[in-house]
Amino acid sequence: MPKIPSRRRQELLERQNGRKERLAINVYDLERADEPFLRRLELRKRLIDRPISMDEDKKEPDVKNVALEFSCDLLTAASICDVIRSHDQRSGDYPTRVYIFRKSAWSQLSQSAILVETVDDEMRLSRKVFPQEINVEDLIPPPVQRLF
């Protein structure tokens, strides 16, 4: 069973990374992928073993709309989702459903959404899916240094 980070640890990670979004992946879609492929991704270590129903408004949720939340950092989770979706595309399957938690609710991401982009040989979260929040501190110029 994967290690579930404590609420305090998760809050610290969020503050360090400056991001509050969380990702989850559809369990039903994961069952299509071959086991050796999923083992190479070490997926079991990176998922919280507590299913989330994406049909909260229905009395009897659909088994096909159950997801598992990632316990790792957002960049790692987004990278794993992109790799799995790429694998789906190569094997001719429909893309695995990925959900994002923003503010107070889960929503399904577009099937064509690319979550990670590479800029100057460095991976970062896609700005289309994860828009940058503007920090007020970043807009304030540094103090003027005296020359004399």
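Every read-out reported here was derived from the displayed coordinates using simple, explicitly stated rules and does not represent laboratory data. Since the structure is predicted, the reported quantities are computational estimates derived from the model, not experimental observations. Counting neighbours? That spans all protein chains shown, and the Cβs are built from the backbone with ideal geometry, glycine included.
The table that follows gives values for the structure above.
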{"quantity": "Cα→Cβ-extended label distance, 7 Å offset, between THR76 and ARG39, nm", "calculated": "2.1 nm"}
{"quantity": "In Hz, Karplus ³J(HN,Hα) per residue of segment 116-128 (6.51, -1.76, 1.60; θ = phi - 60°; x = Gly, Pro)", "calculated": "10, 10, 10, 10, 6, 6, 10, 7, 8, 5, 5, 6, 6"}
{"quantity": "Cα→Cβ-extended label distance, 7 Å offset, between ASP120 and SER107, nm", "calculated": "3.1 nm"}
{"quantity": "Sequence ranges 141-147, 48-54, ranked by mean other-Cβ count within 10 angstrom, highest first", "calculated": "48-54, 141-147"}
